[in-house]
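What follows is a single structure, written as structure tokens, with notes after it.
The values are calculated or read from the model by the stated rules, or taken from the named source; none is laboratory data. These figures come from a predicted structure and were not determined experimentally. Note: ideal-geometry Cβ built from the backbone for every residue, glycine included; neighbour counts use all protein chains shown.
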Amino acid sequence: MILEYLTTPNFGTTILGAVLLYLWPLRRRKQFRLRLVTGCVLFLAAALILRLQMTAANVSVSYALHIALGALLVYFCCDVSPSDALMAAVCGFATQFMATSVASLVYPADMMPNYSLEMTQFPKATFATVGIHVAFYLMAEFCFARKMAINGAYNIRTLRPLISAAILMVFAMYLNSRVRTFYYNQQEEISRFGLFYGVLCSCLYLCMQLDAQLRVQSAAQAEVEHVLRIKQREQYEQTKRSIDLMNQRCHKLKVQLAELQSEKDTHISHEAAQKLEEAVSMYDSAVRTQNPALDTVLTEKSLLCEQKEIAWTCMADGQKLAFMDTVDLYVLFGTLLDEAIAMTERVPEREKRVLAVNVFARNGMVLVQIENYCAEPPCGSLDDAVRQIVEKYHGTTSTEQSGDICLTKLLFPIPARQ
């Protein structure tokens, strides 16, 4: 009997297989393999005992205990909360319910033995019945299980909706079990309707749970982006204040230096004064594009190029990018120029450490072009943050390489109000 139990698509083995689908993407505890083997053996043993004790009167209790066993198995093997463990068990329950209902619809004689005669009877393990379960489990793996977990967890914050779902699933399974009596009494139409109802219930629950998980993921991602956005704005404002303060002080230094040079009894030689003026002018080289956000990021990166001994040229009409948000503009150019500077810095020939930035409008479009040498082709791929900003403004990107020159182009349509 035990061998037949382990090799047939009965309730215990199919539930175990379905729960494992939703267990697998979760964070694992230490000695996971040992825990998994031990847990599966204990689960099957307990499920067999429940099976032998099952009667028409306690069938609902048996189903509920199977869900509890599944949740305990997940919690024993995975480093997750009890809510996540119950989530995996309920989803596994729904997946098993769907697969078994379809197999019973197609092959009722094989999948629905008359348990009223003897509880040790099991469904037949034919190629078709096993194949249907495997097919539905693979579908559930790709369509549901993989998409629900976020960094090894389901992040369920409360047990209440899961307990409600478990009760509803147990009730649906109980109703489904009563369908067998119609099949035994030759009322096959009612039997088919009940099985089809079971398939719809399971599929609907899994789809609703997937939608809820995707909403949780979207909310979490939106929160992360909001926090990042705040930090990027703070960084932009801090950089802008620093550059403005630096320019003011450089201007005062240049005025004081000019007054000092005009004095006849100064002790500073003309050559020393000229070198000092050049040094001050280097930090007073703010980029002016008629776009404050673009001025800030270009000035910041021009000073970085000066520090890294990279020749910098810039021709930018910042007014043409006025339709872009300040932080978007700062992040976009900051990310692109950081990547270009990193590539240029690795070029061994000093004469090739050159970076050119151009922004101009043509035929209702704004072209952003960054050109630099690179030591190790091909050019690096664009950062995800850049792609998101470009997509936000309906733009396009391209990266070209000719020899050791890397050319990055961004093309944006100018809105009608510009």
L336 versus (1) surrounded by 14 or more Cβ atoms within 10 Å (Cβ to Cβ); (2) under 26 Å from the mean Cα position of the chain (by Cα); (3) without any contact (Cβ under 8 Å) to a residue 60 or more places away in the chain: which is the lone unmet condition?
(3)
Just wondering, is there one or more residues in region 46-54 that are among the small types (G, A, S), crowded, with 18+ Cβ neighbours inside 10 Å and part of a helix (DSSP H, G or I)?
yes
Taking the conditions exactly as written (within 35 Å of the chain's Cα centre (by Cα) and under 21 Å from T239 (Cα atoms)), does L367 satisfy them or not?
no
Is there a residue in region 316-330 that is assigned by TED's automatic domain parsing to the domain that holds I414, part of a helix (DSSP H, G or I), over 33 Å from the mean Cα position of the chain (by Cα) and farther than 17 Å from R288 by Cα?
no
Within region 126-158, how many residues turn out to be in a helix (DSSP H, G or I), under 20 Å from Y205 (Cβ atoms) and either at pLDDT below 90 or within 19 Å of the chain's Cα centre (by Cα) (or both)?
10
Filtered residues of region 292-313 (kept if crowded, with 18+ Cβ neighbours inside 10 Å and assigned to a strand (DSSP E or B)):
W312
Working carefully through the options V359, V386, find the one that is surrounded by 14 or more Cβ atoms within 10 Å (Cβ to Cβ), within 27 Å of R233 (Cβ to Cβ) and at pLDDT below 90.
V386
Would you confirm whether or not region 37-44 contains a residue that is touching a Cys at 6+ places or on another chain (Cβ under 6 Å) and at pLDDT 90 or above?
yes
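Within region 266-284, does at least one residue satisfy the condition of being modelled with pLDDT under 65 and either among the aromatic types (F, W, Y) or within 30 Å of A416 (Cα to Cα) (or both)? Working first, answer last.
Our first condition is that a residue be modelled with pLDDT under 65; within region 266-284, this holds for 266-284.
Retained after the next criterion (residues that are either among the aromatic types (F, W, Y) or within 30 Å of A416 (Cα to Cα) (or both)): 283.
Yes, region 266-284 has at least one match.
Scan region 353-382 for residues that are without any contact (Cβ under 8 Å) to a residue 12 or more places away in the chain and either farther than 23 Å from Y330 by Cα or not assigned by TED's automatic domain parsing to the domain that holds K409 (or both) and jot them down. Steps first, answer last, please.
Going through region 353-382, the residues without any contact (Cβ under 8 Å) to a residue 12 or more places away in the chain turn out to be 362-363.
The answer is N363, and nothing else.
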